[in-house]
Each structure stands twice: as structure tokens, then as C-alpha cells.
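Novice: Here it is, the structure, as C-alpha cells.
The values are calculated or read from the model by the stated rules, or taken from the named source; none is laboratory data. No experiment lies behind these values; they were computed from the predicted model shown. We place every Cβ from the backbone using ideal geometry, glycine too, and count neighbours over all the protein chains shown.
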Amino acid sequence: MLGLPFFAVSWRSLIERARARICGADRVLCGILLALKPVEAPGLGTLGVTKDGRLLVDPKAVMEYTLHGRRIEELARILVHEALHVLFLHPERCEKLGDLNICNVAADAIVEATIEESVRGDPSLARTLGFYTEDGVLNAPRPGSEYHKRLEALREFLEKCGVPWDMVLDETLESIYKKLEACLRKKGGAPAKSIDSHPWGGAQPSIVAPRGGSISSGREQLGEIARMAAKMVEEGGGAGPSGIAGKLPGVVPGEWENVLELTGLRAKLNWRQLLQRLLDRYAPLDYTWRRPSRRSEALRVYLPGPLKRGWKITVALDTSGSIEDDEYREFLAALYELLADRPVETLVVVEADVRVQRMQVFTDPPPPAVIEWARRRRGYGGTVFSTVIDEILEKHPDTDLIIYFTDGYGYYPKTQPRVPIIWVISRRGVKPGSRYWPPIGHVVKIE
């Protein structure tokens, strides 16, 4: 009896299928993958993107990811992984940090945490990409696969080095790198295995353009791809709210601000927009048609107004002697705008220098009442942020977010607090790169 003919499945066709699935969910990441040239790399054991724009592919690894062509979800996830490395400029940034092995692990952590945060809780995106089921169960990588084993080993390694997985997105590539480097120096050993391969060196072949044809070779081309993709994200280039790229400004604000800085796009955003983006992540704003927007009357169009949510936010105002009166007035003006645009259920306002001078809890706070309370400041001493934050968390352990208005000159906590913290630095405050620049949390510089 003759059997059915056997048709070999090519690794290139599987790459195309996985890429098509991503293109149906996110055109920014799709564009990056179309701009990378797949190159066969036997023995690599996985996939990897080079700094000169090649996508290295081990055919054997592709067959393992896809169970010899039977399913492509895991291959799609590794392709998203590679596209995010490009978008976040990880090849360029890792080259500057020194130890590529440690940086590879830090970069993988940022990328994998971004994927999980973006996809989990979004049934339509989870269904399209297949990374998670609609019930939030991990579907790709498959439990027990090599990809899954490396992901679990990555989580365990980060935990041992004091970087909990649920705090990864509060860090940047550079901050995680420093923590891992210090951890390995102290404890010895080697970093976890990278999920993919990062051969960020070597020759400079040409890159295939998205619509065919050849683009000039050189590592600068990869940076150009990243810049174009970043611009698309800023302009809303993701596939609506469901696309991974469309979620990046809210999901990974610290990492994304670095990308904007490096690509020259950050200058297009003012500090108020940056602060609002961070707040969108930690205190998302919903709207209701039952309460009209303040802009409705002026525009003569009925618009939904903001819906109060059960967020408890703490705002700390630096009242130390280094804060000039005009700086303090600027803090109060920013606080007024924040309350007017984003009502919260509970607000804790703190005046502090070396310690907490005053603390007041406002429920459903009207902006004028808060500003009137904070107008006559107390303090004028030195600045110790760590003491103030400890007291805030001791008295209000259920706070969801701390926003600290300051000039930045003071003593910071040595470790990340258990809640997110946003530093709003005054115009005359510390500059990026100085020894007083906040080592933890997210930073917004008033400009």
C-alpha cells in the first residue's frame, strides 16, 4: 500500500506564516519584521537579530518551535520578541554597556515582560497572536518547550538578583543591567541563558526592503528602521488599542522614554504629555456619558467626562530650602492641572523636606481646596526622600502611586519602593546624568 506523499515544510514558509499572523495584529512590528532579511544560520539553536539588519534563523529551531509546521504561535512570539529588540534599540544600547551576555538577559527581560503585559487581559489580541488563551493561560511558549524553560530560568535569575518580574517594566535596560552586573559581581556565577541569540556584530550585508529591492547596507539601517517604527508608534501606528506597539507608551514608559530620546522623537512631547502617559499606566482614566466634559460647552458638542475611580494617589511636595518660591508655585500649578484632568477618589498630599512636615488626606478632592491647603508651605530644611517615602508607605500602605515634585537634590531610597514612583523635576532641578538624577522610578523633567 502506498503512503501519502511527504511534502517538506520549508523554514522560510513558516517564517512567512508567523509574520503574516503578526501583521494581522500590529503593523508597526510587522513593518520591522518585513525590513529584516531572514538568513539561514544552521547551528544557532534559535533566532536572532543582528545590528546590521539580518534575522538569523536556525531551520532546526524553527521546526521545533512549530512542531514541524503544525502550529506557529511560538514562532510568532519569538518574532515579536526580535521586533521589540529592534524597536527598543537594544543592539545599539547593549554595545555601549559592555558585557553583552548580561545585557542580553536584561534586554530579554524587558521584551518578554512587555509582551506579557501587552497581551494578557486583551482577549482579541491573545486570540489573534495565540500567546495566551482568552482565560489568560499561557499558550506560547508551550509549557515544557526550550523557550518556556529559558523564560522560567530568566524569571528565577532576575528574582535572585533583586529584580522581581512584576517590577521589570518599572526599570529600563540600563538599570536592570546595572543590578544584574552588581549581583553577579557579588554572588559570582553566570547570567541566565538568553531566550534568543544576539549576534550583534559581524559583517554588514544588505537589508531587504519591505516591498522588495535592496536598501543600502550598514548598521545605520537598523537604527533607521527603529526610528521609523518609533515614529509610527508615536503617531498611533499600532493596530488600534489592541496592537502591542500601540500599548508601548503606557506599558513601558521608562524604556520608551529612552527610545524617544535616542531617536530624537522625545523633543516633540512636552513634560505634561509624558506625565499623563505615566499616569495612564498606573491610574488609567475611564470616561462616563453621565457627566459631561468641561470642554462640552465651549465646543457645543456633548463629550463624556472623566469617571472617578478608586485610585489612591500620594503627591509629595518638596518644601526644602533649595526650592525657590517660583518653583513651588510651578509644582502647585502642575498639581492643579493633574487634579482637573484626572479626578481621583483619594489623594494624600504631603509637604516634606528631611521628613514629612504635613500630611493631609482629601476624598474626592476639588482642586482649589488642595492648592489652598498646600499654598503655605512648611519645611525649608534639607532633603531626604527615603525617610519621606518610608513614612508615606507606613501611614498609607494602600497607596497606588507616589508622585514626588522636587528639584532632585536629596538622598534617595536604595531600592525601589513597593509602589511605583514618579519624580517630577523642576526646571532648575538636576540634569540627566548628574549624580543626583533619580536612580529609581520614572522621571519627568519640567521644561
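Novice: Residue by residue through the range 40-73, note down the ones that are assigned to a loop (DSSP other than H, G, I, E, B), charged (D, E, K, R) and farther than 12 Å from Asp196 by Cα.
Specialist: Lys51, Asp52, Arg70, Arg71
Novice: Anything in the range 418-436 that is crowded, with 19+ Cβ neighbours inside 10 Å, closer than 28 Å to Glu159 by Cα and of a type outside the set (Val, Ile, Thr)? List them, or say none.
Specialist: The answer is Pro420, Trp423.
Novice: Over 25 Å from Pro143 (Cβ atoms) and basic (Lys, Arg) - does that describe any residue in the range 15-27?
Specialist: Yes, the range 15-27 contains a residue that is over 25 Å from Pro143 (Cβ atoms) and basic (Lys, Arg).
Novice: Return the residue satisfying two criteria in turn: it lies in the range 110-161 and is of a type in the set (S, T, N, Q) and farther than 11 Å from Glu74 by Cα, and of such residues it is surrounded by the most Cβ atoms within 10 Å (Cβ to Cβ).
Specialist: Only one residue tops the list, namely Ser118.
Novice: For the range 313-367, which positions are of a type in the set (D, E, K, R) and buried (at least 20 other Cβ atoms within 10 Å of the Cβ)?
Specialist: Once the filter is applied, which keeps residues that are of a type in the set (D, E, K, R) and buried (at least 20 other Cβ atoms within 10 Å of the Cβ), the range 313-367 yields Asp318, Glu351, Asp353.
Novice: Is there a residue in the range 437-447 that is surrounded by 19 or more Cβ atoms within 10 Å (Cβ to Cβ), assigned to a loop (DSSP other than H, G, I, E, B) and in contact with a strand residue (DSSP E or B) (Cβ under 6 Å, 6 or more places away or on another chain)?
Specialist: Yes, the range 437-447 contains at least one residue that is surrounded by 19 or more Cβ atoms within 10 Å (Cβ to Cβ), assigned to a loop (DSSP other than H, G, I, E, B) and in contact with a strand residue (DSSP E or B) (Cβ under 6 Å, 6 or more places away or on another chain).
Novice: Evaluate the following for Gly218: is it at pLDDT below 85, assigned to a loop (DSSP other than H, G, I, E, B) and among the small types (Gly, Ala, Ser)?
Specialist: yes
Novice: Of everything in the range 265-279, what is more than 12 Å from the chain's Cα centre (by Cα) and under 23 Å from Ile176 (Cα atoms)? Give them in sequence order.
Specialist: Result: Arg266, Leu274, Leu275, Leu279.
Novice: Follow-up question, since we're still on this one. Just a yes or no: is a residue in the range 137-148 more than 23 Å from Ser194 (Cβ to Cβ) and outside any helix (DSSP H, G or I)?
Specialist: yes
Novice: Continuing with the same structure: Condition first: closer than 13 Å to Leu44 by Cβ and either of a type in the set (Gly, Ala, Ser) or crowded, with 18+ Cβ neighbours inside 10 Å (or both). Now tell me which residues in the range 60-78 satisfy that.
Specialist: Ala61, Val62, Tyr65, Ile78
Novice: Same structure again: For the range 392-409, which positions are surrounded by 17 or more Cβ atoms within 10 Å (Cβ to Cβ), under 10 Å from Val350 (Cβ atoms) and over 23 Å from the mean Cα position of the chain (by Cα)?
Specialist: Residues satisfying the conditions are Ile392, His396.
Novice: Check off (1) free of Cβ contacts under 8 Å to residues at least 24 places away in the same chain; (2) of a type in the set (D, E, K, R); (3) closer than 18 Å to Glu447 by Cβ for Arg427 and give me the number that stays unchecked.
Specialist: Of everything listed in (1) free of Cβ contacts under 8 Å to residues at least 24 places away in the same chain; (2) of a type in the set (D, E, K, R); (3) closer than 18 Å to Glu447 by Cβ, Arg427 misses just condition (1).
Novice: Could you pull out the residue among Trp289, Trp256, Trp200 that is closer than 23 Å to Ile446 by Cα and either surrounded by 13 or more Cβ atoms within 10 Å (Cβ to Cβ) or modelled with pLDDT under 65 (or both)?
Specialist: Every option except Trp256 fails the conditions.
Novice: Also: Can you tell me how many residues within the range 94-103 are surrounded by fewer than 24 Cβ atoms within 10 Å (Cβ to Cβ) and either under 13 Å from the mean Cα position of the chain (by Cα) or in a helix (DSSP H, G or I) (or both)?
Specialist: Counting residues in the range 94-103 that are surrounded by fewer than 24 Cβ atoms within 10 Å (Cβ to Cβ) and either under 13 Å from the mean Cα position of the chain (by Cα) or in a helix (DSSP H, G or I) (or both) gives 6.
Novice: Another question, then. Answer yes or no as to whether Ile422 is modelled with pLDDT of 90 or more, assigned to a strand (DSSP E or B) and not assigned by TED's automatic domain parsing to the domain that holds Ala182.
Specialist: Here the answer is yes, as Ile422 does meet what is asked.
Novice: Could you list all residues from the range 360-381 that are closer than 20 Å to Gly321 by Cβ and at pLDDT 90 or above?
Specialist: Ala374, Arg375, Arg377, Arg378, Gly379, Tyr380, Gly381
Novice: Could you please find all residues in the range 1-51 being of a type in the set (S, T, N, Q) and modelled with pLDDT of 95 or more?
Specialist: Ser13
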